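Below: one structure, written as structure tokens.
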Amino acid sequence: MQVTNDGKRALRDRLADRLRHEARIIIHVTWRDLPKRLAVTTLMVGLMVYADRVGAALAVGAVIVASESLFVLIYRHFRSLGTERELSTRLVLANWINNSLSTFAFCAPSVVLASVPSLPMTIAALTWIYGVLVHITNTFVAMPIYNRSQVIPCYLALLVTIAVAAHVEHAPAPLRDWWLLVAFVAVYASNTVQTMTMQRDTLAALDRARDEAQARLRELERLARHDSLTGLPNRPAFEADFVRMQAAHRGGGSSAVMVIDLDGFKPINDSYGHSAGDHVLREISARLTRLAGERGIAARIGGDEFALARPDVPDRETALAMGRCVVRELERTIEHGGIDLGVGASVGVALARPGDRDAQRLIAEADQAMYRAKSAAAEGIAVFDESFAPRLSLDDKRRLLRALSEGEIRPHYQPKVSLATGRIIGFEALARWRRPDGRIEMPDSFLPQIDELGLHRELVESMAVQVIGDLARLRAAGLGAGRVALNLPEAALATSGVRAMLIDLAETVPDAMSNLTLEITEDVLISRSGSQLQDSIAAFRGRGALISLDDFGTGFASFQHLRQLEFDELKIDRSFVAGLCVDDTAAVLVEGFISIARGLGVSVVADGVETRAQEARLKALGCPTAQGYRYGAALPLAETEMRLLAEGPIGAVPTRPVTPPEALPPPAGPGAGDGPRRALPYRRSGSRQTGGG
Ligand code: C2E
Ligand code: CA
């Protein structure tokens with residue numbers, strides 16, 4: 001019972017809703033047609049008077065006037081409600097009854113005229129009632145309930161008209177009656193023309209509305225697909241456009257997808273403001289658009305990351321040439337407000353076979369290649385190939401993990417010495433893998449696997465824990481070892497696991513950080529998660545670690561970057577030291593580096609010192625600290641312990657601020673000013689620790 005009551009109520013509510021909705025439109029339409037209604041009823045009343053049906057004419061006229069007046073009141077009330085307000089049931093009902101009354105008054109003239117014994121009048125009666133029917137059907141087509149409620153009485157009126165006409169004996173009509181009929185039809189025709197004009201206006205308005213809606217839709221679509229600053233497509237749009245590009249070149253040659261990362265963009269934003277940064281991005285976008293040409297696609301897929309797709313790139317050589325062209329074009333200076341701005345670009349390329357539409361995969365491949373371009377390639381370009389695919393098996397991973405957990409990979413310690421006294425002031429911990437058969441593997445052979453298998457956290461953790469343990473053991477034996485340096489490549493620091501682990505370690509072993517130097521490379525400064533890494537580095541530093549900038553001079557960081565990072569030591573790369581007594585440029589650069597360190601108030605270590613001549617030159621240039629085979633290769637803990645015993649105790653562990661042990665000469669040489677943005681011409685021949693390419 002309850003259910004049926006609920007069902008009935010729901011039905012009633014739906015019906016009431018529907019009627020309210022119809023009433024809104026009816027009132028609106030009825031208001032619009034009011035003048036027309038008044039005009040045609042005047043015509044009909046006039047015709048009835050002419051046909052000698054004055055009483056009926058007056059009655060119909062009175063009903064029409066009453067109903068239209070009531071309607072005006074209803075309309076006023078309706079307007080006063082505003083668009084948001086609900087129509088009351090009473091108003092809906094009043095309007096409906098009033099309209100039915102009006103329909104009745106509209107049908108009446110045809111019955112009245114049919115009773116006149118004149119054929120033209122009967123024809124007029126039938127034409128009229130038929131017109132009323134058509135009008136109601138057309139006007140209220142979107143209001144089915146109302147439509148039926150009015151059309152059915154109209155048909156009844158039509159039947160009555162026919163019945164009345166059937167009972168009248170028609171006398172020959174005077175010519176005047178026929179002329180009147182013609183005039184009546186003419187008025188009818190004018191009404192039709194007016195309706196059609198109105199329809200044309202309505203259609204034009206509809207067309208306009210549709211065009212506007214489509215334009216707005218296109219604009220919304222454009223906004224969703226494009227980057228608002230540069231106007232270039234965004235990543236999803238690039239992927240879609242790439243599929244289209246490949247489809248258009250079906251049967252053509254291979255194409256290329258490039259991922260381009262700007263080097264040195266952040267400092268422009270930081271130093272010259274966002275308007276300069278925006279200008280650079282827009283200019284870069286314009287250049288990429290030109291490079292993409294008519295058939296290619298340029299897109300902005302990240303803050304300072306772009307993508308470029310070009311059809312017809314048949315081979316690796318063409319891709320490399322194109323990459324070089326992109327780098328050259330993007331590295332041209334950009335003028336802004338009288339200042340010459342410049343950025344570098346690293347380009348990773350992935351080649352797509354004809355028909356290959358997997359844009360996501362290609363972007364990922366190009367991205368990997370871009371990373372390699374950044375970390376190693378001299379020209380900032382790398383093309384993705386099979387060498388990127390993982391070559392290591394699960395077995396290799398298990399073997400490495402076991403080596404890490406079982407302490408097969410151990411730190412060996414290479415001394416750092418003061419050039420003034422020749423005494424050890426600390427060590428660098430370098431990883432060595434002692435295989436179960438006694439063979440010792442150097443980092444170059446297993447670091448690429450660590451990279452590839454993503455075991456950075458495990459390696460850093462294992463090294464850090466062992467170094468901290470070794471230091472405690474040395475201390476227990478009454479031996480200070482100074483600070484020990486740990487290598488933290490960008491690839492390791494970029495993983496949040498490594499950062500969290502190091503913070504954890506600092507928390508659980510309170511003095512851990514104050515005995516460590518963390519050697520990071522310049523890549524950290526231009527890394528994609530740069531600011532995050534810099535925050536972590538600041539946190540380690542805040543807990544007492546010293547930060548050393550390793551392999552200085554071989555990376556891509558600009559001296560602008562250097563100002564962004566708080567660090568304590570600059571480690572001149574061994575390629576420069578090796579050049580010291582061979583090549584004058586090396587001496588000038590080393591001197592420049594020392595001046596920079598002095599200017600920044602940080603210490604300097606010369607890495608890879610092998611000869612007495614190098615040492616003498618470094619001393620003359622004012623370098624305070626050195627490391628290299630001249631002072632000893634990396635040794636296992638036991639031998640390090642013996643060496644420390646032989647040398648006598650090391651002074652206290654240096655803390656910040658690190659004052660260079662010796663006075664440094666005043667700044668000189670080319671490196672002292674604003675340095676080069678790209679890597680200096682010195683590059684180490686061996687591979688770097690991040691699986692270079
Ligand atoms: P690096 O940080 O530049 O370390 C110095 C490298 O130079 C060491 O090579 C060291 O043995 C070598 N070296 C020291 N003195 C001289 C010298 O007088 N002349 C020459 N030519 N070389 C010298 P190693 O131990 O093979 O390490 C190579 C690279 O592997 C290191 O370069 C470092 O980036 C990385 N590495 C070493 N241990 C670790 C580690 O525990 N973790 C990570 N992530 N990387 C490590
Ligand atoms: Ca190092």
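The values are calculated or read from the model by the stated rules, or taken from the named source; none is laboratory data. Computed from a predicted structure; not experimentally measured. Heads up, the Cβs are rebuilt from the backbone with ideal geometry, glycines too, and the neighbour counts pull from every protein chain shown.
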* Asked: In this structure, is ASP511 away from ligand 1 (no atom under 16 Å from the Cβ) and either assigned to a loop (DSSP other than H, G, I, E, B) or among the acidic types (Asp, Glu) (or both)?
  -> yes
* Kindly check whether there is at least one residue in the range 438-457 that is out of contact with any Asp or Glu (no Cβ under 6 Å at 6 or more places or on another chain), in contact (Cβ under 8 Å) with a residue 60 or more places away in the chain, within 23 Å of GLY469 (Cα to Cα) and not in a strand (DSSP E or B). => yes
* Which condition breaks for MET370 when tested against (1) touching a Leu at 6+ places or on another chain (Cβ under 8 Å); (2) assigned to a helix (DSSP H, G or I); (3) of a type in the set (A, V, I, L, M)? -> (1)
* Filter result (within 13 Å of ligand 2 (Cβ to nearest atom) and in contact with a Cys (Cβ under 8 Å, 6 or more places away or on another chain)) within the range 568-594 -> ILE572
* List pairs: first in the range 135-151 and surrounded by 14 or more Cβ atoms within 10 Å (Cβ to Cβ), second not in a helix (DSSP H, G or I), Cβ under 9 Å, 6+ apart or cross-chain? -> HIS135/ASP33; THR139/ASP33; TYR146/PHE140; ASN147/PHE140; ASN147/VAL141; GLN150/PHE140; VAL151/PHE140
* Asked: So, in the range 600-641, of the ones that are more than 30 Å from GLU441 (Cβ to Cβ) and without any contact (Cβ under 8 Å) to a residue 12 or more places away in the chain, which residue ends up nearest to ligand 1 (Cβ to nearest atom)?
  -> ALA616
* If we scan the range 411-428, do we find a residue that is crowded, with 19+ Cβ neighbours inside 10 Å and part of a loop (DSSP other than H, G, I, E, B)? -> yes
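Could you please find all residues in the range 229-262 being of a type in the set (Gly, Ala, Ser), assigned to a loop (DSSP other than H, G, I, E, B) and modelled with pLDDT of 90 or more? Full working, then the answer.
Start the filter on the range 229-262 by keeping residues that are of a type in the set (Gly, Ala, Ser), which leaves 231, 237, 240, 247-248, 251-256.
Pick out the ones that are also assigned to a loop (DSSP other than H, G, I, E, B) and you get 231, 251-254.
The one that is of a type in the set (Gly, Ala, Ser), assigned to a loop (DSSP other than H, G, I, E, B) and modelled with pLDDT of 90 or more: GLY231.
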* To do: Looking only at the range 300-308, decide whether some residue is touching a strand residue (DSSP E or B) at 6+ places or on another chain (Cβ under 6 Å), in contact (Cβ under 8 Å) with a residue 60 or more places away in the chain, among the aliphatic types (A, V, I, L, M) and in a strand (DSSP E or B).
  => yes
* Number of positions in the range 526-567 that are at pLDDT 80 or above and within 16 Å of ligand 1 (Cβ to nearest atom) -> 14
* Which of the residues spanning the range 421-432 are away from ligand 2 (no atom under 16 Å from the Cβ) and either closer than 17 Å to GLY608 by Cα or at pLDDT 95 or above (or both)? -> GLY422, ARG423, ILE424
* Has the range 500-514 got at least one residue that is among the acidic types (Asp, Glu), under 21 Å from LEU459 (Cα atoms) and surrounded by 15 or more Cβ atoms within 10 Å (Cβ to Cβ)? -> no
* Pick out the one residue from THR137, THR122, THR103 that is within 25 Å of TYR188 (Cβ to Cβ), modelled with pLDDT under 90 and assigned to a helix (DSSP H, G or I). => THR137
* Could you list, in sequence order, the residues of the range 595-620 that are more than 15 Å from SER418 (Cβ to Cβ), within 51 Å of the chain's Cα centre (by Cα) and assigned to a helix (DSSP H, G or I)? -> SER595, ILE596, ALA597, ARG598, GLY599, LEU600
* List, please: which pairs have Cβ atoms under 7 Å, are six or more places apart or on different chains, and start with a residue in the range 475-493 that is within 16 Å of ligand 2 (Cβ to nearest atom) and end with one that is among the basic types (Lys, Arg)? -> LEU493/ARG499
* Structure fact -> All-but-one check, ASP550 against (1) within 16 Å of ligand 2 (Cβ to nearest atom); (2) part of a helix (DSSP H, G or I), failing number (2)
* What do you reckon, is ASP367 at pLDDT below 90, in contact with a strand residue (DSSP E or B) (Cβ under 6 Å, 6 or more places away or on another chain) and either crowded, with 21+ Cβ neighbours inside 10 Å or closer than 30 Å to GLU329 by Cα (or both)? -> yes
* Which of the residues that make up the range 173-182 are aliphatic (A, V, I, L, M) and either part of a loop (DSSP other than H, G, I, E, B) or surrounded by 13 or more Cβ atoms within 10 Å (Cβ to Cβ) (or both)? -> ALA173, LEU180, LEU181
* Asked: How many residues are within 23 Å of ASP607 (Cα to Cα), near ligand 1 (Cβ under 10 Å from one of its atoms) and assigned to a helix (DSSP H, G or I) when one looks only at the range 460-489?
  -> 4
* Structure fact -> For the range 76-117 the number of residues that are under 26 Å from ASP13 (Cβ atoms) and aromatic (Phe, Trp, Tyr) is 2
* Please give the number of the condition ALA319 fails out of (1) under 16 Å from ASP241 (Cα atoms); (2) buried (at least 20 other Cβ atoms within 10 Å of the Cβ); (3) more than 25 Å from the chain's Cα centre (by Cα). => (1)
* Structure fact -> Counting only residues that are of a type outside the set (Lys, Arg) and without any contact (Cβ under 8 Å) to a residue 12 or more places away in the chain, the range 86-107 contains a total of 3
* Structure fact -> Scanning the range 402-420 for residues that are away from ligand 1 (no atom under 16 Å from the Cβ) and free of Cβ contacts under 8 Å to residues at least 60 places away in the same chain gives ARG402, GLU406
* Structure fact -> Residue hits (the range 621-652; touching a Pro at 6+ places or on another chain (Cβ under 6 Å) and either in a strand (DSSP E or B) or within 16 Å of ligand 2 (Cβ to nearest atom) (or both)) are TYR631, GLY632
* To do: Kindly indicate whether ILE520 is within 13 Å of LEU565 (Cβ to Cβ), buried (at least 23 other Cβ atoms within 10 Å of the Cβ) and either more than 16 Å from ligand 2 (Cβ to nearest atom) or of a type in the set (Val, Ile, Thr) (or both).
  => yes
